[in-house]
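Note sheet for the following structure.
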Amino acid sequence: MTVKKMMVILNPCAGNGKGKKALREIEQWKRLMSFEKKIEIRIEFTSKDGLNTAENLAREAVWQGYDLVVAVGGDGTVNDVINGLVLSNVPLAIVRAGTVNDLAKVLRIPRDTKEALDLAIRGSIVELDVGEVNGRFFASYFTIGIGPGIARFSSGYSEKFGFLPKILVYLLSFLREVLFDLEYPFIKMEVYRGQETELYFEGRITFLLTANNNVCGGIFKFAADADLCDGLLDVFCLSRIGLARILRAIPSGLKGTISEIPEVSRGSDGKIPKGSLISVWSVNGKGIDSQIDGEFFSCEREYTIRVIPKALKVVIPQAVKRIKEKESFERVTARLRVAI
């Protein structure tokens with residue numbers, strides 16, 4: 001991969017200031033690369049509104065012929081950038097500066113800022129699937145039920161208790177949601193795999209996850225076999241269960257064995273169903289809160305979710321066999337198609 005012109009899209013608010021802290025290293029790296037490699041590097045700061053959203057900046061990079069876009073932030077920032085890059089020829093690189101960084105974790109992007117920047121210009125480009133729900137793209141997952149509330153609470157807790165480890169922030173958010181604010185959406189759902197119906201479900205749910213990635217919230221593995229490049233989304237549907245059952249299920253969610261409990265819907269093969277198209281709608285007409293890639297998304301009565309195969313180019317480490325947790329990574333990346 002030859003990089004002559006790259007845009008760095010940085011969220012200064014990401015990860016309770018991690019984005020700002022990364023800026024000094026990025027500027028030092030920029031001066032070095034501009035001198036040694038003659039790379040034109042443009043650094044842009046994101047805003048929530050206006051022209052400088054991460055999505056708009058990524059689209060601008062595509063229109064102006066940049067060779068690479070680097071997202072500096074958490075999963076929310078990465079999601080915004082992805083929505084500007086999907087189906088383009090401009091690859092995405094990630095610098096981990098968020099609270100969780102689910103996608104970067106699975107792709108084994110280095111935690112160190114300089115190492116991640118070096119990887120951006122020296123790594124391998126692969127093509128990943130992306131999901132789409134009601135016109136919005138996602139790289140990792142879409143959820144309804146418990147998930148949206150956890151996203152709201154964790155954002156607030158991260159700002160208030162930035163000194164806490166991320167696992168505690170998410171566990172606090174999880175407990176707040178299930179103890180005081182949990183609703184059980186009443187839904188109908190159809191899961192299609194090609195032309196075949198893989199699953200039909202009607203009832204109240206505790207949690208519904210359509211997963212492209214096998215990690216959720218940095219620590220949970222509800223869809224442990226989800227694959228970023230199999231052309232399908234894993235559908236984890238947990239029907240209504242009581243508070244005691246939810247709390248007892250937490251260890252299983254951490255270990256990746258939660259799919260074994262009887263309230264989890266299964267496909268014709270007895271496993272978590274995989275689908276290329278999923279339709280979800282409210283039975284009682286109430287809006288259903290939803291979450292995408294760790295951020296609150298919307299409250300709508302209907303959702304249509306589909307997978308777009310090989311829609312996003314991403315830079316990953318070349319020496320994948322030497323990376324820690326090799327077996328997990330190889331399972332996720334077994335069918336990645338190197339595009340350089």
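FYI, it's all coordinate maths here, none of it is from the lab. This is a predicted model, so every value here is computed, not measured. Quick reminder, even Gly has a Cβ in these numbers, built from the backbone with ideal geometry, and neighbours come from all protein chains shown.
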May I ask you to list the aspartates and glutamates whose Cα is less than 15 Å away from that of LYS18, ignoring any residue fewer than eight positions away on the same chain?
-> GLU27, ASP75, ASP112, GLU159
Name the shape class, rounded, prolate or oblate, that the alpha-carbon gyration tensor gives for the stretch 5-122, where a ≥ b ≥ c are the square roots of its eigenvalues, rounded holds for a/c under 1.5, and otherwise prolate holds if a/b is larger than b/c and oblate otherwise.
-> rounded
Of PRO251, PRO148, PRO110, the most mobile residue in a GNM of the chain (C-alpha springs, cutoff 10 Å) is PRO251
Along the principal axes of its C-alpha atoms, what lengths does the stretch 136-308 span, in descending order and rounded to whole Å?
-> 49, 33, 32
Cβ-Cβ cut-off under 14 Å around PRO185, Lys and Arg +1, Asp and Glu -1: the net charge is -2
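What number in nm² do you get for the chain if you take the convex hull of its Cα atoms and divide its surface by four?
16.6
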Quickly estimate the mean residue ellipticity at 222 nm for the chain, helices only: each DSSP H run with n ≥ 4 gives -39500 (n - 2.57), and the total goes over all residues, rounded to 500.
-> -9000 deg cm²/dmol
In Å, what is the Rg of the alpha-carbon atoms in the stretch 1-74, and how long is Dmax?
-> 12.4, 36
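Taking a 18 Å limit on the Cα-Cα distance, which of the listed pairs LYS271/LYS310; LYS37/LYS114; LYS5/LYS313; LYS20/LYS114 fall beyond it?
On the way: LYS271/LYS310 24 Å; LYS37/LYS114 15 Å; LYS5/LYS313 16 Å; LYS20/LYS114 14 Å.
Violating the 18 Å Cα-Cα cut-off are LYS271/LYS310.
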Within-14-Å neighbourhood charge of ASP80 [Cβ basis; K, R +1; D, E -1] = -4
Going by alpha carbons, how many degrees (0 to 90, nearest 10) lie between the helix axis of 18-36 and the longest principal axis of the chain?
-> 40
Where is the GNM fluctuation largest for the chain (alpha-carbon springs, 10 angstrom cutoff): GLY74, GLY285, GLY267?
-> GLY285
Among GLY135, GLY218, GLY73, which one moves the most in a GNM of the chain with springs linking Cα atoms closer than 10 Å?
-> GLY135
